[in-house]
Amino acid sequence: MFSPRASKAPNRPKQESRESTFFATEDEMAAIDGGSPMEIDSRNENEVDRLIISTDFGTTFSCVAFASTKNDIGIVRGYATDPMTIQKKPRFDVPTESWYLTKAKMEELAAENNQDMDEPMLRFDDDDDSDDDSFNGAQDQYGLTPRIMYWGYEVQDKLSEPDLDKKQYYSIMRSKLLLDTSYETEKIREELKPTLKTLKAKKYIKSNEDVIVQYLEQLFLHTKRYLRDIRRLKDTTIVEHVLCVPVIWSPSACRKMQSAMEIAIQRSSLGSINNLFLVSEPEAAAAYVLKYSKSIGRGETFILLDAGGGTVDTTTYTVSKEHPLKLMREEVTAAGGLYGSSYLNEAFGEHLFGRLESEKSDIEIYGKTIQGIVDQQTIKFENSLKRAMDVTNENMAPIFLNIDGLRENSAKGFLENRIKIKRNDFWKIFERCLRGIMDLMLNQIKLSMEAGLIIKVLIKKTPSGLKRANKDIGKTPKKADQRIGGLYRTGNSK
């Protein structure tokens, strides 16, 4: 059901920072392997129709941005079943999740649509073995052709159905961590193994990385449609790709990710694989800050806290003394831990499941299951609740969630058809991640102080819970002329 979460990733060795830039903030971008930089705004716009597409493939959420010049930047939106679309506030990120349908489910969908199963498109364990490595022979996800996978918000839409029979789907989540072979991600990779084994037996995939390829293919197909709809992509447009990768990844992981990208690009026909550049995630974030924040000056040193869906990383950078500002080097040993937003979702699910498990006979009605109810409420927690709450506020009001069939029990915090979750309950859900993040930041400050560095103070947009870390950081002893603080880059896309 739920497995223990690893606590901390090992420190990374100090490394000289590559002089990298971000497509939305600088004039050039260098590939990790030292390839030639590409210009995005030094050309005559009449000479060539060029579009740069940047992909942030995250542990829990992914995002695609595009630019034709430095000042002409956009973000792909309009994902199918995005719950915010109805409010005319479409999300710019999409869940990194995919579900594969069982043969029985696909036959059911085919019958509903009055169609026969298309054998060249749908392959199962009783098919003849083949050397053909192509997976998605058909990708008309908006047609009536029975599909073999849901992705993004489609998965969350399905999870919001408390009577869903999950046995009809094979679920893939946090596939990005398949490329991280560290001890800290071993449990997550082990959890994915049975599903990956089944998908291989069904001939849906040949290698583990195929689930990444197939997700990216769907992401790029949506990107292609979106760009065509807003008339930013033509048949003659030259498309170049940028991919953000974790700084802690090994060369082997980077190569596998690059290969997955290239296959997805080819299958979606969105540009050429010859125009693919890699940049590390924290350096891309830092370069964005240098361009759009006025708080970092020439020659200054600052700490970057990169809080993603899986890992949280802290890195200390020094910038150049000349304009335009660029990252010069990484000053002290960077560190990271598994304190990302997905672990808040897990903790919330564990809390809710633990409280509802003994109420099974009352709430498992109309085909609903406890796990389905928990999944439904976890989606609500992810998309709205946790984004608005401040668990450090001792006066935070309790939250009530609707659970059909639940009987009133004041000792358990139950009302009729509702469960009460108090501020202290939420603090326990957030506590492990918040303390881990605080320790990472305090350790980075300590190393910086020991190195005699003057650290720039800048708190950019403090998310829920990090206010507590700020208070503790403020208690850190200060030397003369020393300003201590952090620069927070927040979000769920990593």
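Odds and ends about this structure:
- Distances between placed amide hydrogens fall under 5 Å for MET328 paired with THR318, VAL319, SER320, all partners being 5 or more residues away or on another chain.
- For VAL245, residues with placed amide H under 5 Å, excluding near neighbours: VAL279, SER280, GLU281
- For the range 341-428, a simple Cβ point-charge model (Lys and Arg +1, Asp and Glu -1, everything else neutral) yields a dipole of about 200 debye relative to the Cα centre.
- In terms of overall dimensions, the C-alpha atoms belonging to the range 199-282 reach 39, 36, 20 Å along their principal axes, ordered largest to smallest.
- In Hz, Karplus ³J(HN,Hα) per residue of the range 369-376 (6.51, -1.76, 1.60; θ = phi - 60°; x = Gly, Pro): 10, 4, 4, x, 5, 5, 4, 4
- Comparing Cα centroids, the range 276-348 and the range 46-109 end up 23 angstrom apart.
- Surrounding net charge for GLY413, when Lys and Arg each add one and Asp and Glu each subtract one, Cβ distance under 13 Å: +3
- Relative packing of 58-64, 346-352, which averages over residues the other C-beta atoms within 10 Å, highest first: 58-64, 346-352
- Each listed q (0.26 Å⁻¹) maps to a log10 I(q)/I(0) for the range 341-428, found by the Debye formula over equal Cα scatterers with no solvent: -1.49.
- In order along the range 181-195, the phi-based Karplus estimate (6.51 cos²θ - 1.76 cosθ + 1.60, θ = phi - 60°) of 3J(HN,Hα) comes to 8, 6, 4, 5, 9, 4, 4, 5, 5, 5, 5, 7, 4, x, 5 Hz; Gly and Pro are listed as x.
- Rounded to whole numbers, the Karplus 3J(HN,Hα) couplings from phi for the range 414-422 are 10, 10, 5, 6, 9, 10, 9, 10, 8 Hz, using 6.51 cos²θ - 1.76 cosθ + 1.60 with θ = phi - 60°, and x at Gly and Pro.
- Taking amide H as placed 1.01 Å from N in the peptide plane, the amide H of TYR339 sits under 5 Å from that of VAL312, each at least 5 places away or on another chain.
Just so you know, all these numbers are worked out from the coordinates, no wet-lab data involved. Being a predicted model, the structure only gives us computed values, none of them experimental. Every residue, glycine as well, gets a Cβ built from its backbone with ideal geometry; the counts of neighbours run over all protein chains shown.
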